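Down below is the structure, laid out as structure tokens.
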Amino acid sequence: MATVLIIDDSRTSRKILRNILADDGYEVIGEAPDGQAGFEEYLKLNPDFVTLDITMPVLDGFGCLKKIMEHDKNAKVIMVTAAGQKSKMVEAIKLGASEFIQKPFEPNQILSVIKTVI
């Protein structure tokens, strides 16, 4: 099954995503609490896809997405956004994001988006 890196500053969001993905057979090979640590983990782990929060300390999701896409233009990155941030999604898609999901998320919605991306 595909490998995933979860980048989100919310421990709770990471746990929820980890449980949803692991229960569906995905292998969560890493997690990071900010964009800079997430990019470093991406370089080390080379996951099949990434879930990436937008609003984070140190380096936000846009900065992390830019770095990932500069390193690997074929990276599959699913942006995670809080409700009311849809306008930011246009920017994320322009930067190379594959897809996006909105918090709070439903397991079926997440899994459906992932299946279209990978």
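No lab work stands behind these numbers, since they all come straight from the coordinates. Since we're looking at a predicted model, the values are computed, not measured. Here Cβ is always computed from backbone atoms with ideal geometry, including for glycine, and neighbour counts include all displayed protein chains.
Computed quantities for the displayed model
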| item | result |
| --- | --- |
| Residue-averaged [θ]222 nm for the chain, counting only DSSP H segments that reach four residues, each worth -39500 (n - 2.57) | -14500 deg cm²/dmol |
| Stokes-Einstein translational diffusion, the chain - Kirkwood Rh over all Cα pairs, 1.306 mPa s, 10 °C, in µm²/s | 116 µm²/s |
| Net lengthening on full extension, GLU106/LYS66 (0.36 nm per residue, minus Cα-Cα) | 11.7 nm |
| Relative contact order %, the chain, counting alpha carbon pairs below 8 Å whose residues are six or more apart | 22 percent |
| Point-charge dipole on Cβ atoms (K/R +1, D/E -1) for segment 3-117, about Cα centre, debye to 20 | 240 debye |
